[in-house]
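Okay, so here's the structure we're looking at.
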Amino acid sequence: SPPPPSTPRALPLDELAAVTQGFDAARVIGAGGFGVVFKAALSPALARLLALPASTDALAVKRLSVGGSQGERELRAEINVLSRCHHPHLLPLRGYSLDERSPCLVYPLMRGGSLEDRLMMTADGAARLAMLGFASPPPPLPWQARVRILRDTLRALVYLHQTASPQVLHRDLKASNILLDASGVAQLSDVGLAKEAAADAPHNQTHMSTLNVVKGTQGYMDPLLVQGMQPSTLTDGFAAGITVLVALVGRPATGLMNACRHLIRNPDRPERWQAPGLPDVSAGEWPVEVQRALAAVVAGLTEQFKEDRMPVPDALRELEAIAEAAGPPPPGSVEAGLAALSLDAAPAAAALAAPPQRECAVCMDAPPAGRFRCGHACCCAGCLLQL
């Protein structure tokens, strides 16, 4: 396995504001309950601060929706989690800013987009993929690629549950939090916005010790959480099961369990299946034996009673075997449509062109600083101090 990434570096907010054009809405490539993600150019100053390889040309900056002293404590806890959790399929943290005006986390830019955007080609998803460098909407992910992405995601989840110390629960596993690099390799994101499990908590009944965050996303949320069960490896496993189902049928998670109830109840009886998207002809014919094996994993991870559920490590072993039998996806099928563009190369569509760098209204030289919580400013940090 590759060596762990370097320790995340503290960064000045002014530099992050500069490389995102003042957190310009035109650079947004993602948004959620924790904040907004911007595509950022890599300035020489930022490259030096982060000691990044010369091949790096862009980053992702997540501007968090937290503030005040409590928000700073939470952010420090997140940074601690990300600083000690290193796995080939976990998105690494490169830098951060604790500035209370606009706390930020900095990650590598995942040019392959999210699993959700690659499965369901919505207008918003296509726009995000274009921002990442896709010259045209990519073809659907072949089934072999989907299997490998699911396997790699569960590898990361099992690492968080079994190797990270103290144990980390993700609590918001979903297709939009699985990101792909330019070659289609999956990395699980939003790990730092998860929770550490208290060291003395009972197994599978863990209480949380850090962030006060949402317990999941509609469609992925375990019904046991609604019934009062604490987040656990099993509730993470339920979300993983829904993610497998989403990848299998290529449909959004909301209402999917009900729509696919016959598939989940009868994974070994394809003649009883009545599920939308099966077989998923958009990604090529799924072999029946692969559909059956994945349906059995979904059924095991989403059982009604926790005592009957498949543990996540067992689900990973099943996916390892499925991926081994499936083999690699067809050459170039995952990367198809991805243009080798730098952040500031002019896109084909004028609507996707990055806005020009704004200058300080006083000295007309340095970029403006992120003075306000919204990120807007008209003068640089030096001139701001003289006003």
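Let's test the formula: R0 of 51 Å, r as the Cβ-Cβ distance of residue 162 and residue 43. What FRET efficiency results, to the nearest 0.05?
Here the calculated transfer efficiency is 0.85.
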Accessible surface of residue 107 in the full protein assembly, 1.4 angstrom probe, to the nearest 10 Å²?
20
At 1.4 Å probe size, with the rest of the protein present, what percent of the exposed accessible area of region 88-127 is carbon and sulfur atoms?
50
Estimate the FRET efficiency between residue 9 and residue 65 by the formula 1/(1 + (r/R0)^6), using the beta-carbon distance for r and 30 Å for R0, to the nearest 0.05.
0.85
Just subtract the alpha-carbon distance of residue 135 and residue 307 from 0.36 nm times their residue separation and send over the number in nm, one decimal.
57.1 nm
Could you work out the relative contact order of region 80-150? I mean the mean sequence separation of Cα pairs under 8 Å and 6+ apart, divided by the number of residues, in percent.
19
Could you put 268, 14 in order of accessible surface area, largest first, with the 1.4 Å probe and the full protein assembly present?
268, 14
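The values are calculated or read from the model by the stated rules, or taken from the named source; none is laboratory data. All figures in this text were calculated on a predicted structure; none of them were measured in a lab. Virtual Cβ from ideal backbone geometry, glycine too; neighbours counted across all protein chains shown. We work out accessible area using only protein heavy atoms, side chains counted, and drop any ligands, DNA or RNA first. Shrake-Rupley method; radii C 1.70, N 1.55, O 1.52, S 1.80 Å.
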